[in-house]
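The values are calculated or read from the model by the stated rules, or taken from the named source; none is laboratory data. Predicted model only: the values in this text are computed from it and were never measured. No Cβ is skipped: glycine too gets one built from the backbone with ideal geometry, and neighbour counts run over all protein chains shown.
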Amino acid sequence: MDNDYPVLDFDALSQDAVQSLLKTHQLALRPEEARIIQEQILNRPPTLAECVLWSIQGSEHCSYKSSRTLLKTLPTDAPNVILGPKEDAGVVSVATDHTGKRYGVAMSHESHNHPSQIVPYEGAATGIGGNIRDICCMGAEVIALADGLRFGDLNNPKTHWIYNGVVSGIGGYGNPVGVPNVAGDVYFDAGYNDNCLVTVTTLGIVAESDIIHSYAPKNAEGYALILVGKATDNSGFGGASFSSANLVEESHTLNKGAVQEPNAFLKRHLLKANYALFELLQQNNLLDKVGFKDLGAGGIACASVEMAEASGYGAEIQLEHVPLGIEHLPPHVTLCSETQERFMWVVPQDLVEMVLTHYNDVFDLPNISHGAGAAVIGRITTDGQYLVKHGSEVLVDVKAEDVTRGIVFDRPIAKPASEHIEPEIKPDSLEAVFLQLLAHENIASRAPIFETYDKQVQGRVYTEAGIADAGVLTPFNEPKYPLEIQSTGIALSTDQNPRFNRIDPYWGAVNAVVEACRNVVATGARPEAITDCLCFGSPENPESMWAFSEAIRGIHDACHAIKLQDYPESPLPVIGGNVSFYNETDTGSIPPSPMISCLGVIPDAGLSVSSSFKQAGSEILMLGTRKDECGGSVYYQLFEELGAKLPKPNLNSLHAEFKAVTSIIHKQYALAVHDISEGGIAVTLAEMAFANEVGFDVNLATDLAIEKALFTETGGFVLEILPEQKRAVTDILQQYQVEHAWIGHTTATPSLQIKDAFTVPLAQAKTLFEHGLREKLL
């Protein structure tokens, strides 16, 4: 066979010879997987294109072959869920108009870790691009971004290079494409020195009746497959496979080719074209006659086979019809390249001309970007076969369900033997520790990051990043939406503490879910759904799989504890996410990192609150007793200790606590609310004082050692309460049986005072907080 269409026969080869052949063709298959494909699935030697297809579609990134069984234990359905995690994005109902029509938020959560470690700008930018496509292909308008970032030790010069590239890439793509960045979090930890994490959450809005599905519709025999967008090149080829292997320093240059090339301006134009086509389809009642999917991992191959097989069909692809950006591109590269800015439609034959004209003529794609456009490249078939041709040559001829099913592994699990030790620390000066914490890179103001992003484009952002614990938007604030839903607010936050997860991956995951929910509750929003981006080491390592399984258990238990406020029998649903394994190098694995995003809803965004004290003379209320739980804290990090006693939220009281806080906010009894997290109650109070320069005088009145009371990161809330509402608030807290203490009051004196601890000038503390991270990044 021609070199463009080789066949690989593994039958008579030794294990070493199979490994060598796979390496020659840069295939991310294990020898045992190659033999399964040949001997159990195809019963013949596979073509190179078939091997490439299985190396991508069967990768951890696409098939979840090591995680699928565990993921099924998470709660994914609830009365508010319109669409769970089975397509490109989940959709949750957030508003209902007077006719009973539901309006949803589509939510997607992805990682782009390996690419961002190799080429930070392009890796982060294409991570944004792929996530935006996930939302758009649901028929939704993209309205918001959030980024959860993990970088190495700031004393490491490479960390600065990666940080600068990643943050610039996020802004450099998100800003020109016209989507505001409203939330996120960042953590610096030596565990990410050789493997950063770049996770992205994207939101979109869509009426339930206007959702477009990522699969072929009913009775789709002969429907056309239309490729739309950028001309296909070799960028990103093997990206999914690359993301499903350990990072090896020596192969960084080679792997740069597996990173896609972003084009934000083309994406912005494509989004406008897509939105206009959505409207045409809506007006003509054609939404149920089409399918739409983004081209991400595996490119044309994975998009087409998934769209077909999800509805029980097959597909036939003719590769010579694919518009190319590079001449003489090998057919298997054309098939599986992960070139950015592409989508695929499934449409009936009588709509083909309309779709082609819409993109090629009305929106003039060929003149917007060289080689871009829309082209018919295949059709839906009813025989269940996935057939790919290049001219008369057959590259792939397999059962579609064999490709999408992948190969499932039951990985061994083993708990590590090491135990963590609780240190004995008695600081000489509480004031000095407090000031060090305010300037610490894991606490200090994140302004150097979010000031890089456009936070107000589209005009939907009600509360920007950094002003409250979560970003707040009014997604339906335009006249085209019913008046009764225009003031509806949504809140978005992200969270995860790697030091907690290093101590105990179960409680680390519980804390990640709880803290993400606390953030939206602190604005006045009810948690309605979460997504999880699960970043771990190699699944072939039993200890990594144990950490993964414990994290899944933690997410499960936290969701069942928090529940939906309007449906108290229903656990908080997980509506999307991804799994990113192999986040490790020869120097070791990253800390277990279940990155959580939470979406909250508030009936009227005008009721939401920020985290800053508003006036002198207010009562300060603390929810959540301070406990001896400094393990994983930034306080311990100052002394280069990890500890063992990490925060363990009371799962039995979370639902009531969250209901109490949202009730207090909705009744407008609270002027400000802030959750207690990094740095403990001392830092929480200080952060509330800075924006409006309102001081405080507090007495914690605790039996706990004062340094632990100040700096333990046991969860909770601090609320600024109007004095005249103290009785009413106490009644609410007693109704929900929430632990609380009235600990002091705000002052006109510009100082931060905690009895038996310190009195610090507000201006000094604020300067350290505002410049702590910025100065370390210079």
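Of all residues in the range 169-217 being aromatic (Phe, Trp, Tyr) and part of a strand (DSSP E or B), which is surrounded by the most Cβ atoms within 10 Å (Cβ to Cβ)?
Selected residue: Phe188.
Do we have any residue at all in the range 102-110 that's aromatic (Phe, Trp, Tyr), at pLDDT 90 or above and outside any loop (DSSP other than H, G, I, E, B)?
yes
Cβ-Cβ distance below 9 Å, separation of 6 or more or different chains: which pairs start in the range 546-566 with a residue that is without any contact (Cβ under 8 Å) to a residue 60 or more places away in the chain and end on one that is of a type in the set (A, V, I, L, M) and not in a helix (DSSP H, G or I)?
Ala551/Leu534
Go through the range 540-569 residue by residue and tally those that are more than 21 Å from Glu515 (Cβ to Cβ) and in contact with a strand residue (DSSP E or B) (Cβ under 9 Å, 6 or more places away or on another chain).
Of the residues in the range 540-569, 4 are more than 21 Å from Glu515 (Cβ to Cβ) and in contact with a strand residue (DSSP E or B) (Cβ under 9 Å, 6 or more places away or on another chain).
This table checks each residue for (1) touching a strand residue (DSSP E or B) at 6+ places or on another chain (Cβ under 9 Å); (2) closer than 18 Å to Ser580 by Cα; (3) at pLDDT 90 or above.
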residue: Tyr5; (1), (2), (3): yes, no, no
residue: Asp9; (1), (2), (3): no, no, yes
residue: Ser14; (1), (2), (3): no, no, yes
residue: Ala49; (1), (2), (3): yes, no, yes
residue: Ile56; (1), (2), (3): no, yes, no
residue: Thr76; (1), (2), (3): yes, no, yes
residue: Lys86; (1), (2), (3): no, yes, no
residue: Ala95; (1), (2), (3): yes, no, yes
residue: Thr99; (1), (2), (3): no, no, yes
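Can you find a residue that is among the polar types (S, T, N, Q), at pLDDT below 95 and part of a loop (DSSP other than H, G, I, E, B) anywhere in the range 555-569?
Scanning the range 555-569, I find at least one residue that is among the polar types (S, T, N, Q), at pLDDT below 95 and part of a loop (DSSP other than H, G, I, E, B), so the answer is yes.
With a cut-off of at least 1 residues that are without any contact (Cβ under 8 Å) to a residue 60 or more places away in the chain, touching a His at 6+ places or on another chain (Cβ under 8 Å) and of a type in the set (Ser, Thr, Tyr), name the helices (runs of 4 or more DSSP H) lying wholly within the range 10-64.
none
Looking only at residues in the range 472-515 that are β-branched (Val, Ile, Thr) and more than 19 Å from the chain's Cα centre (by Cα), which one is farthest from Thr662 (Cα to Cα)?
Among them, the one singled out is Ile503.
Any chance you could count how many residues in the range 415-436 are of a type in the set (Val, Ile, Thr) and part of a helix (DSSP H, G or I)?
Number satisfying all stated conditions: 1.
For the range 377-389, indicate whether the set of residues that are modelled with pLDDT of 95 or more and part of a helix (DSSP H, G or I) is non-empty.
No, the range 377-389 contains no residue that is modelled with pLDDT of 95 or more and part of a helix (DSSP H, G or I).
How many residues are surrounded by fewer than 20 Cβ atoms within 10 Å (Cβ to Cβ) and within 25 Å of Leu319 (Cα to Cα) when one looks only at the range 44-80?
2
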